[in-house]
Each structure stands twice: as structure tokens, then as C-alpha cells.
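The values are calculated or read from the model by the stated rules, or taken from the named source; none is laboratory data. Computed from a prediction, not measured in an experiment: that's the story for all the values here. FYI the Cβ positions are ideal-geometry reconstructions off the backbone, even for glycines, and counts take in every protein chain you see. Side chains are part of the model used for accessible areas, which takes the heavy atoms of the whole protein and leaves out ligands, DNA and RNA. Shrake-Rupley method; radii C 1.70, N 1.55, O 1.52, S 1.80 Å.
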Amino acid sequence: LRTLLPALSARVCGIWGSEDATARPDVRERGEILQSLRPDARFEVLDGTGHWAQYEDAERYNALLAELLP
């Protein structure tokens with residue numbers, strides 16, 4: 001991904017759950033990495049959700065996804 005993301009012409013967005021065990025100890029570091037590769041990328045964290053944010057809080061996730069899609 002580090003090689004491919006900078007070359008993409010598509011918009012890049014990331015949605016993580018604040019309690020995502022795969023992104024410990026600090027999920028916001030994922031956003032920093034993403035934005036270092038794609039400064040135009042949007043990175044959002046859903047507080048109180050884990051790795052499966054789209055299932056754990058579908059309402060907030062879907063609203064955010066609808067906002068991010070063109």
C-alpha cells in the first residue's frame with residue numbers, strides 16, 4: 001500500500017474504530033501514515049467501535065460513508 005497509495009488517482013479515505021485491536025496502541029497513527037502517503041486523504045475515527053466498525057455502529061458508519069462517497 002505504501003507504494004500504491006501515492007500513485008492512485010482516486011480519492012482515498014479511511015474509517016477506523018477507536019478500539020480497533022489491530023491498530024493499537026494508537027489508531028490515529030494509522031491516519032498519520034495514510035496522510036503522509038496521501039496528504040489529501042480523509043481519515044475518520046468512530047469512537048467506541050472496534051475493528052468491525054461497520055457492524056458495531058452501522059448507523060454512524062453508513063452516515064459517514066455516505067458523506068465520503070461522491
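The C-beta contact set for region 40-51 (first residue closer than 27 Å to Ala7 by Cβ, second residue surrounded by 14 or more Cβ atoms within 10 Å (Cβ to Cβ) and of a type in the set (A, V, I, L, M, F, W, C), distance under 6 angstrom, 6+ apart or interchain) comprises Ala41/Val12; Ala41/Leu34; Arg42/Cys13; Phe43/Leu34; Glu44/Ile15; Glu44/Leu64; Val45/Trp16; Val45/Val27.
Quick one: how many residues across region 3-20 are among the β-branched types (Val, Ile, Thr) and either open to solvent by 60 Å² or more (accessible area, probe 1.4 Å) or modelled with pLDDT of 95 or more (or both)?
Step one: list which residues in region 3-20 are among the β-branched types (Val, Ile, Thr), which gives 3, 12, 15.
Those still in the list that are either open to solvent by 60 Å² or more (accessible area, probe 1.4 Å) or modelled with pLDDT of 95 or more (or both) too: 3, 15.
Matching residues across region 3-20 total 2.
Residues that are over 18 Å from Glu56 (Cα atoms), assigned to a loop (DSSP other than H, G, I, E, B) and touching a helix residue (DSSP H, G or I) at 6+ places or on another chain (Cβ under 9 Å) within region 5-25 comprise Arg11, Val12, listed in sequence order.
Here Pro39 meets each of (1) in contact with a strand residue (DSSP E or B) (Cβ under 9 Å, 6 or more places away or on another chain); (2) assigned to a loop (DSSP other than H, G, I, E, B); (3) not basic (Lys, Arg) with one exception, condition (1).
Residue-wise test of (1) among the polar types (S, T, N, Q); (2) open to solvent by less than 90 Å² (accessible area, probe 1.4 Å).
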{"site": "Leu1", "(1), (2)": "no, no"}
{"site": "Thr22", "(1), (2)": "yes, yes"}
{"site": "Glu29", "(1), (2)": "no, no"}
{"site": "Ser36", "(1), (2)": "yes, yes"}
{"site": "Asp40", "(1), (2)": "no, no"}
{"site": "Gly50", "(1), (2)": "no, yes"}
{"site": "Arg60", "(1), (2)": "no, no"}
{"site": "Leu65", "(1), (2)": "no, yes"}
{"site": "Leu68", "(1), (2)": "no, yes"}
